[in-house]
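Report on the following structure.
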Amino acid sequence: MQYGLLDLLNLLGALGFFIYGMKVMSEGIQKVAGAKMRTILSSMTSNRFKGVFTGFTITSLVQSSSATTVLVVSFVNAGLLSLTESIGVIMGANIGTTITAWLISIVGFKVKIATYALPIIAIGFPLMFFNRERLKFWGEVLVGFALLFMGLALLKDSVPDLKANPEILEFLSRYTDLGYLSILLFVLIGTGLTVVVQSSSAAMALTLVMANNGWIPFELAAAMVLGENIGTTITANLAALVGNVHAKRAALSHLIFNLFGVLWILILIRPALNLVDWYLVSSGSVSPFVAAASIPIALSLFHSTFNILNTLFLVWFVNFIARTVTKAIKSTGEDEFSLEYISTGLMNTSELSIEQAAKETSRMGKIAEKMSEQFRELLLEEKPKKQKKLLKKIRSYEEITDRMELEISEYLMDVTARGTLSSISALKVNNLLSEVNDLERIGDIFFQMSKDVERNYENEKTFKPKQVENIIQMMSLVDNAISIMTNNLEASGEIHLGPAMQAESEINDLRDKLRKRQSKDIEKDKFDPKRDSLYKDIFHLCEKLGDHIINVSEAITGEKERELKEDLED
C-alpha cells in the first residue's frame, strides 16, 4: 500500500491537532496563573539557583519551554528581569520541558488517555461559559489537555506502518547507516522540524511516535531530540527580533546555552546512550537498542539527564554567558523615538502587556521632567545660538511624546482586541490610555510655552525681571507636581492623592495671584501688549500643565478606575 497525499495530510492534521491542544492548554494555564507568574518572575533575585527552579516550575506547569523563554525575553524587554536572572530561568525551562516527554511516554503510550478525552471535554467545555473568569480559564485547560492527547492518538494512528510501507524503511536506511554522520544529520532534522512546527514538545511527540513505531533507531531519535533543543531557541530569538537590545541578549544566551550543551553531549553521545541502556536493562526493562517500545522511556531519560547535567555545569558560568552576549550584541544608544519596553511582536499574557505599557508610560513622565528642565533653561538663556538648540530639543521631545502616545495607545488597543482581559485589567487599560493622553498633552503645552518664549525673542522683547522671577516660581511648583507624578508612575504600592492635589492647588493659587497683578498693571498703564500677552499665556499654560499632571495621578491612584467601576455597576 502506497503512502499517499491523503495519508500525509492526515499526519499533518494530527500534528496540528496536537499543537492546537497544547496551545489551548498552555494559554489556559497562563491565564489561570498569569498574574502569579508575573509576581514570581518579577520578584526574582540574582540567585541563579532560584532562577533555575522558577524556570523549571513554570515550564512544568505551562508545558512549553518556548512559552517560558518568550515570556522571559518579554520580561527582560519590559525591564522586569535582568539578563543574569533571565539566564537562570531559561536553564530551568530546559529541564521543565523534559516533563512533556515523560508525560507523552508514560501517559500517551502506556495509558489510553484519548478514551477519556471526550469525558474531559464534557467537563471542561461548560466551564468555558461560566461568568467567573477562573472557572472559564480552567475549562480551557481541561479542553486543551483533552485535545492534546486526542491529537497524540491521531498522530500515532497517522504514522504509516513500516510493514505495509517497506519503501519508507528503504528510504530511511539510506541515511541511518552513515555512522556519526547520520547522528549529525538527524540533529539537523530535529532542529528543522522544531523550527517548522514552532514547538519542541510537538517535535518531541513526533520523534517519540516515529521511534515507537520503529522508523528510527534509538541513537538517531536521541540525535533528533538534541536538534530539537537547538530548534526551540529559534522561537525566542524570533520573538527578540522586535525586542530591545536586552531581549536580544537574553534570547542569544538561550541559544548559546543549548548549543554548547548539544556540542559536548555529541562528543559523548555513544557512552551516554550506553549508560541509559545499562540503567534500563539493569532496572528490568528491555534495551532500547533491541525493542522499539522501550525507546520513548529511554529518550525521556536521556533528555532529562542531558538537560540536568548541562544546567548543573553551566549554572556556574551565568555571569560569563551574560558578559559574552553583552559583548556580542552591543547597545547602539537606542533611539529615543523607539519604545524601550513594548514589543508588539512578543507573545505576552495580558498582565505582562499591561506591565510593559505602564513602564513605557512611566518613561513619558521622565520626558516631561526633561522638557520642564529645558524650558527653564530656555527662559534664562540669552545667547541666540543656545536658544535655538534648546528650542530644537523641546520640539524633539514633543514629537517623541506624540509618537509614544500613539504607539502605546495602539498597543493597548491590540491588548484589548485579544479579548482575554479580566474586568480589572480592562480598567487598568482604560486608566493607562487616560494617562498617556494627558502626558502627551503635557508635552504639547511645554512646546507651546517654548514657542511663546521664541516669539518674545523674535519681537526683540525680553520679559521683565519680575516676570521671569514669577515664571520661575511657577515652574518650581510645576516641577514639584511633575516629581510627585513621576514617583506615582513608578510606585508599585499604594499611592495617596493628597500631595498631588496640594501641588495642583498651589499652582492654581499662584496663577490667580499673577492674573490679579497683571490686571493691576493694565490699570496703571504698565502693559506691553506683545510681551505681556505672551507672559500671561505662559502662566496660564502652567496652570493647564497642573490640570493634566493631576489627571495622571488620579488615573494611577484609581480615582478614575473607581468611577469606571461605578459606571459598570450602574
### Query
For the range 273-293, does any single residue satisfy the condition of being exposed (fewer than 13 other Cβ atoms within 10 Å of the Cβ) and under 30 Å from residue 245 (Cα atoms)?
no
### Query
So which residues in the range 375-395 are in contact (Cβ under 8 Å) with a residue 60 or more places away in the chain and surrounded by 14 or more Cβ atoms within 10 Å (Cβ to Cβ)?
375, 376, 378, 379, 387, 390, 391
### Task
Residue by residue through the range 272-291, note down the ones that are among the small types (Gly, Ala, Ser) and either under 23 Å from residue 262 (Cβ atoms) or part of a helix (DSSP H, G or I) (or both).
272, 282
### Task
Please work out which residue is nearest to residue 206 (Cα to Cα), limiting yourself to the range 88-140 and to residues that are among the aliphatic types (A, V, I, L, M), modelled with pLDDT of 80 or more and open to solvent by 70 Å² or more (accessible area, probe 1.4 Å).
118
## Note on the structure
Just one listed residue, out of 337, 302, 313, 306, is open to solvent by 10 Å² or more (accessible area, probe 1.4 Å), modelled with pLDDT of 80 or more and not basic (Lys, Arg), and it is 313
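The values are calculated or read from the model by the stated rules, or taken from the named source; none is laboratory data. Computed from a prediction, not measured in an experiment: that's the story for all the values here. Glycine also receives a Cβ, built like all others from the backbone with ideal geometry; neighbour counts cover every protein chain displayed. These area figures cover heavy atoms from the full protein model, side chains too; ligands, DNA and RNA do not enter into them. Shrake-Rupley method; radii C 1.70, N 1.55, O 1.52, S 1.80 Å.
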